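No value in this document is a laboratory result; all are computed from the given coordinates. Just so it is clear, the model here is predicted, and its values are computed rather than measured. Cβ placement follows ideal geometry from the backbone for every residue including glycine, while neighbour counts extend to all protein chains displayed.
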Ligand SMILES: Nc1ncnc2c1ncn2[C@@H]1O[C@H](COP(=O)(O)OP(=O)(O)OP(=O)(O)O)[C@@H](O)[C@H]1O
Ligand SMILES: [Mg+2]
């Protein structure tokens, strides 16, 4: 299948933190295989290592053991520059707090990832950014600053920003944690729709069983390992 070559394959991932006493084992043995178009939720108790796992897959943190690859890309074998490109091009990160820059407009925030490397066609990137803002229902808010947007609107800008480079892997850590029920449902629906349209892999970490159950694939992080539902 066309999309299979962009699969996410995780094998035996482990993460420990050194402490004055015994090391703190957060991830023990995480195995996972997802193909393009897959959408999975991860639940688990607070402190079970959900954010740690997302940060490792997004190459914001290093594991202590194990391997993973996204298609042909193996972040654990990359140089610092290679990692920066991997993060920028292949990963879209959405956090609980939108992480928008307050001094930039909605459109500028969506374009921000493209500033890291001079885009081949700046006009095309701008068109894509405007198209994404339109897609998330904010075409008429393009020149608003984050402070001039509601919480749900900010999170929709953050989703548009995460998608600007058509990333193979979308990682969302409690993306609706700060929103009321109605906004949370809207943002979650939008995220799932866009993920399907873009045929990316989506992993959403959440405490909400209701949000978790909207995803075709569901896993729980228990005792340092992923158990599929
Ligand atoms: N830099 C660090 N140094 C030491 N321990 C850490 C570090 N970062 C996280 N931890 C520990 O690792 C464990 C897992 O943290 P993590 O943030 O991944 O949990 P989580 O499942 O996302 O929790 P929550 O649902 O509360 O967000 C926690 O016990 C935390 O204290
Ligand atoms: Mg967390």
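Just for the chain, what percent of DSSP beta bridges are antiparallel, to the closest 5?
Around 50 percent antiparallel, to the nearest 5.
Could you tell me the calculated FRET efficiency between residue 33 and residue 124, based on Cβ-Cβ distance and R0 = 25 angstrom, to the nearest 0.05?
Approximately 0.15, to the nearest 0.05.
Would you mind telling me the antiparallel percentage of the DSSP bridges in region 138-229, rounded to 5? If you can, show how the numbers build up before the last one.
Values: 4 of 9 bridges.
Close to 45 percent.
In percent, how large is the relative contact order of the chain, given Cα pairs closer than 8 Å and 6 or more residues apart? Can you show the working numbers first?
On the way: 434 pairs, mean separation 69.1, N = 229.
Once normalised by length, the contact order is 30 percent.
Would you mind putting 141-147, 35-41 in packing order, based on average other-beta-carbon counts within 10 Å, highest first?
On the way: 141-147: 15.0, 35-41: 19.1.
For the peptides 141-147, 35-41, the packing ranking is 35-41, 141-147.
Among 166, 87, which comes first, then next, by fewest other beta-carbon atoms within 10 Å?
166, 87
Taking only Cα atoms, what is the 0 to 90° angle, nearest 10, from helix 106-115's long axis to the longest principal axis of the chain?
60 degrees
So how tilted is helix 181-198 from the main axis of the chain? Cα-based, degrees 0 to 90, rounded to 10.
Long axis of 181-198 versus the principal axis of the chain: about 90 degrees.
Decide, for the chain, between rounded, prolate and oblate: order the square roots of the alpha carbon gyration tensor eigenvalues as a ≥ b ≥ c, take rounded if a/c falls under 1.5, and otherwise choose prolate if a/b is larger than b/c, else oblate.
Note, shape of the chain comes out prolate.
Relative to the longest principal Cα axis of the chain, at what angle does helix 151-163 sit, 0 to 90 degrees, rounded to 10?
Approximately 80 degrees, to the nearest ten.
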